[in-house]
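Have a look at the structure below before the remarks.
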Amino acid sequence: MGLFYLFASVLAESAGYAIDRVNFRKNRIGFRQSMFLAFSSMSICLLLYLLFIRQPLPHPTLAALGLVIAIILCSFGGNAFDSLSLKVDDLSLREPLLDLQPVLAGLVAYVIFPDERKVISLIAFVAGALVVRWGIHRTKLRKVQKKGMGYLLLCVVLYAGMPSLYKLSLHYLSPAYIAFFRVLGTFILTAAFLPVKHMCGFTGRRVRYAVASGIVCSAGAIVSLYAIQSYGVVITMLFSMLGPATRYLAGQFILREKVRRIEVLSSLMLTLTVAIAAFMK
């Protein structure tokens, strides 16, 4: 099941990005409305999953509480900046910088967890960083695009530390509870600090797309944690480097966004890097 978790997490994340982008572009949903609807639906889905699998209640500890709070804060900040960047830039334009997230996350885990250190993984992450640097350098951005990329950079930095926090939390909590607490905490912070000011903005189409994104992302939240539990953070992030290629394909064929040669080349190079590293293992 481990490989299933790895690939399912990549596909679920990419599907969620595509649905969100359609909602921003076609339905003109605000990022506050999008976050409120997505995280409320995710909270409900994960709660139903907990009830379905009859997960026993966890035994709270101070360490677990601190880790969960750190995860929630990173999740809230990352999702807020991610939503802002989605509204400004089209999906394919985001790829060169978005490619950096699994690379940074893998490098952080490589430093923190000695038992996951393998030379081929380090080589793959360094090669991935060079590819991303090349892709960013080659991309010409207008002023509004630079603003969106700035939001995305903040998002990437916050997201990069979360997988390692997940692994530390797995010593105290099950994947289902970690995902539920993260999503519920992010929803509470969203409602408190980014409240929806105009309820009339919740049109039927906006709600349907946001709920669909929430359902897909809740599945991705669960399977990504199971992948970390099965293979560790380094291997999971190595396979997450396949995500940019799937998001690029979604931008090109589903959203019909403009094709850029730089995104094609950088995504293909990252995919090749993952394939070589996985084969050599």
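Throughout, read-outs are computed from the coordinates displayed, never taken from laboratory work. If you're wondering where the values come from, they're calculated on a predicted model, not measured in any experiment. Here Cβ is always computed from backbone atoms with ideal geometry, including for glycine, and neighbour counts include all displayed protein chains.
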Candidate cut points under trypsin sites (Lys or Arg not before Pro) in region 170-219, DSSP loop plus at most 15 other Cβ atoms within 10 Å of their own Cβ, are LYS197
Sites LEU50 and LEU3, calculated FRET efficiency, Cβ-Cβ separation with R0 35 Å, nearest 0.05:
0.90
Fully extended, how many nm does the chain gain between VAL157 and HIS198 (0.36 nm per residue separation, minus their Cα-Cα distance)?
11.7 nm
Burial order of peptide ranges 186-193, 72-79 (average beta-carbon count within 10 Å, highest first):
72-79, 186-193
Under 1.5 on a/c is rounded, so check that first for region 5-115, then, if it is not, pick prolate when a/b is larger than b/c and oblate when it is not; a ≥ b ≥ c are the square roots of the alpha carbon gyration tensor eigenvalues.
oblate
